[in-house]
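*Asks:* Once you've had a glance at the structure underneath, I'll fire off some questions.
The values are calculated or read from the model by the stated rules, or taken from the named source; none is laboratory data. These numbers come from a predicted model, not from an experiment. Virtual Cβ from ideal backbone geometry, glycine too; neighbours counted across all protein chains shown.
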Amino acid sequence: MIEIQLLHHKSLKWTDYLLQYTQLKNLVHSGLVSTSVGKLPDSDTSTFADLPEAVRRLMFFGKPDVVVCLDDGVNPVRPFFALDVTEHAAARDHWMQRFPNLVGCAQEGVPGVFVSPGDTPNRNNFAGSAQPDFFFAFDRVIEIHQTPLYIAEWPSTDGSTLDRDSHFTDLPPHDAESIARALTFFNLVLDSAMRGREFAALMQERLVVELRNELRKVGYRQVPAIADYGRLTANMPDNRFLTHVEMIAWLSGIGLRMPSKLPDRIGKRDQYLIYTPRVTNETTAARRLAMLKRIKEKGGDPYGAQPLAFDYLFCRLGPSPLQRDVNVVVDLSFFSLADFASWVKKTWANSPLKEDTFPALRSKMAVYSMHLSEPLVQVMKNYIRWQIFSADLIVFSDGVLVL
């Protein structure tokens, strides 16, 4: 019998929702599938190594609220759907910090849905409105990875409070138009997974074409530009990328030099995007302390994932970071390399790769195997993973790191 595994992040409620309102209910009732529910572990725990390899890769950037997998008893467990949800009003910084949660899914060819409030103009503390650049960025991800994704609107009839389902009273109404489309999309993906179809073929399904058209209606109201983001205009004030000569001059202005030896992919590009978190009037020391605190307490949010978002908005041409025509530069010049490397060293120090006897490995075998066969960055702090994957160059106070 096929088993459908529902792995959740913070709450069981969305797994129950899917079991109630999708074809899973009928399949279970008819005896065609069984289901199981589990919890997604953090990447710095030993149980992370016990996850199927495909699920670990899917979680490289972030952890969706639900990942649904199929186990046919013959092939390795296959993740086939991801769901990510927020109740926060739409805002630029917030969408960027949630953006990575489905990018890892798209890179692995796993379809997904992001559920978010639409326009909430009557909220007392924080009015929200749909962010076109969020929709535009998601359409870029779909185009680049040829994997269907959908942004479903959590409706608000009064423009203030979110509408609720009659049965699951803290979740959106299952029969609301956008949510119903998302559930129909799930059923389509489920059927494809059970038939063993490649998910890229879903891009030609009429439902997916229509869902993408809905996304584009918002995303293409205004095409994003460098001038829209203060963290880009801080060092690119002319609403354009820097040339190689200008990049050298910028580094010289902060007392640094371009490394003498650059990888071929970097040296052949003559455009540079410089991303600078925390564009404030703080002193360098104050920015450093504030960012260290952010990274320790909040994983770097809302700044950590922003280079990834800007990569997809402005630089990326293909599925791999190698397929850019613009070098992504992360300006961490208020940090020293030692600040950054401290998190890397911590991961290395905790790795069982240093062990050389089986008694020492007995309780760490899965972790040892994972560290041997997969990049160690996979289990590093989220903030480190985002910067390393997104950047071609990271600028520190004492030098430039080439990636």
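*Asks:* Let me spell it out: the conditions are (1) farther than 28 Å from Ala106 by Cα; (2) more than 25 Å from the chain's Cα centre (by Cα), and Ser369 meets all of them except one. Which number is the exception?
*Replies:* (1)
*Asks:* Step by step: first the residues of segment 1-46, then only those that are touching a Ser or Thr at 6+ places or on another chain (Cβ under 8 Å) and free of Cβ contacts under 8 Å to residues at least 60 places away in the same chain, then the one that is farthest from Val379 (Cα to Cα). Which residue is that?
*Replies:* For segment 1-46, the residue satisfying everything is Val28.
*Asks:* Please enumerate the residues belonging to segment 62-97 that are closer than 20 Å to Leu232 by Cβ and of a type outside the set (A, V, I, L, M, F, W, C). Working first, answer last.
*Replies:* As a first pass, look at segment 62-97 and keep what is closer than 20 Å to Leu232 by Cβ: 91-97.
Arg92, Asp93, His94, Gln97 - these are the residues of segment 62-97 that are closer than 20 Å to Leu232 by Cβ and of a type outside the set (A, V, I, L, M, F, W, C).
*Asks:* Identify the single condition in (1) surrounded by fewer than 21 Cβ atoms within 10 Å (Cβ to Cβ); (2) out of contact with any Pro (no Cβ under 6 Å at 6 or more places or on another chain); (3) in a loop (DSSP other than H, G, I, E, B) that Leu171 does not satisfy, given that it satisfies every other one.
*Replies:* The failed condition is (1).
*Asks:* Then there is this: Can you find even one residue in segment 311-321 that is over 24 Å from the mean Cα position of the chain (by Cα) and either closer than 25 Å to Val141 by Cβ or among the hydrophobic types (A, V, I, L, M, F, W, C) (or both)? Before the answer, list the steps.
*Replies:* Of the residues in segment 311-321, the ones over 24 Å from the mean Cα position of the chain (by Cα) are none.
No.
*Asks:* For Tyr312, work out the one condition from (1) surrounded by fewer than 17 Cβ atoms within 10 Å (Cβ to Cβ); (2) in contact with a helix residue (DSSP H, G or I) (Cβ under 7 Å, 6 or more places away or on another chain); (3) in a helix (DSSP H, G or I) it doesn't fulfil.
*Replies:* The failed condition is (1).
*Asks:* While we're here: So, in segment 385-397, exactly how many residues are over 12 Å from Leu332 (Cα atoms) and not aromatic (Phe, Trp, Tyr)? It would help to see each step written out before you state the result.
*Replies:* From segment 385-397, those over 12 Å from Leu332 (Cα atoms) are 385-386, 388-390, 392; that's our starting set.
Next, from what is left, pick out any that are not aromatic (Phe, Trp, Tyr): 385, 388, 390, 392.
Here the count works out to 4.
*Asks:* Right, here's the next one. Does any residue of segment 341-359 turn out to be in a helix (DSSP H, G or I), hydrophobic (A, V, I, L, M, F, W, C) and touching a residue at least 60 places away in the same chain (Cβ under 8 Å)?
*Replies:* First, the residues of segment 341-359 that are in a helix (DSSP H, G or I): 341-350, 352-354, 358-359.
Within this subset, residues satisfying the condition of being hydrophobic (A, V, I, L, M, F, W, C) are 341, 343-344, 348-349, 353, 358.
Subset that is touching a residue at least 60 places away in the same chain (Cβ under 8 Å): none.
Taking every residue of segment 341-359 in turn, none turns out to be in a helix (DSSP H, G or I), hydrophobic (A, V, I, L, M, F, W, C) and touching a residue at least 60 places away in the same chain (Cβ under 8 Å).
*Asks:* How many residues, within segment 1-41, are of a type outside the set (A, V, I, L, M, F, W, C) and in a strand (DSSP E or B)? Can you show your working first?
*Replies:* First, pick out the residues of segment 1-41 that are of a type outside the set (A, V, I, L, M, F, W, C): 3, 5, 8-11, 13, 15-17, 20-23, 25-26, 29-31, 34-36, 38-39, 41.
Right, trim to in a strand (DSSP E or B) and you get 3, 5, 8, 34-36, 38-39.
The qualifying residues number 8.
*Asks:* Among the candidates Thr161, Thr147, single out the residue that is part of a loop (DSSP other than H, G, I, E, B), surrounded by fewer than 21 Cβ atoms within 10 Å (Cβ to Cβ) and assigned by TED's automatic domain parsing to the domain that holds Leu18.
*Replies:* Exactly one residue qualifies, and that residue is Thr161.
*Asks:* Now for a different question. Which residue out of Asp325, Asp339 is at negative phi, of a type in the set (D, E, K, R) and in contact with a Cys (Cβ under 8 Å, 6 or more places away or on another chain)? Spell out the reasoning first.
*Replies:* Details: Asp339 fails: in contact with a Cys (Cβ under 8 Å, 6 or more places away or on another chain).
Step by step, each of Asp325, Asp339 is checked, and only Asp325 is at negative phi, of a type in the set (D, E, K, R) and in contact with a Cys (Cβ under 8 Å, 6 or more places away or on another chain).
*Asks:* Any residue in segment 58-76 that is in contact with a strand residue (DSSP E or B) (Cβ under 7 Å, 6 or more places away or on another chain), surrounded by fewer than 19 Cβ atoms within 10 Å (Cβ to Cβ) and assigned to a strand (DSSP E or B)?
*Replies:* Among the residues of segment 58-76, at least one is in contact with a strand residue (DSSP E or B) (Cβ under 7 Å, 6 or more places away or on another chain), surrounded by fewer than 19 Cβ atoms within 10 Å (Cβ to Cβ) and assigned to a strand (DSSP E or B), which makes the answer yes.
*Asks:* Look at Val328 and say whether it is at pLDDT 85 or above and in contact with a helix residue (DSSP H, G or I) (Cβ under 9 Å, 6 or more places away or on another chain).
*Replies:* Working: at pLDDT 85 or above: yes; in contact with a helix residue (DSSP H, G or I) (Cβ under 9 Å, 6 or more places away or on another chain): yes.
Yes: the conditions hold for Val328.
*Asks:* Moving to a separate point now. What are the pairs, 6+ residues apart or on separate chains, where a residue within segment 382-394 that is not assigned by TED's automatic domain parsing to the domain that holds Lys298 has its Cβ under 7 Å from a residue that is of a type in the set (Phe, Trp, Tyr)?
*Replies:* none
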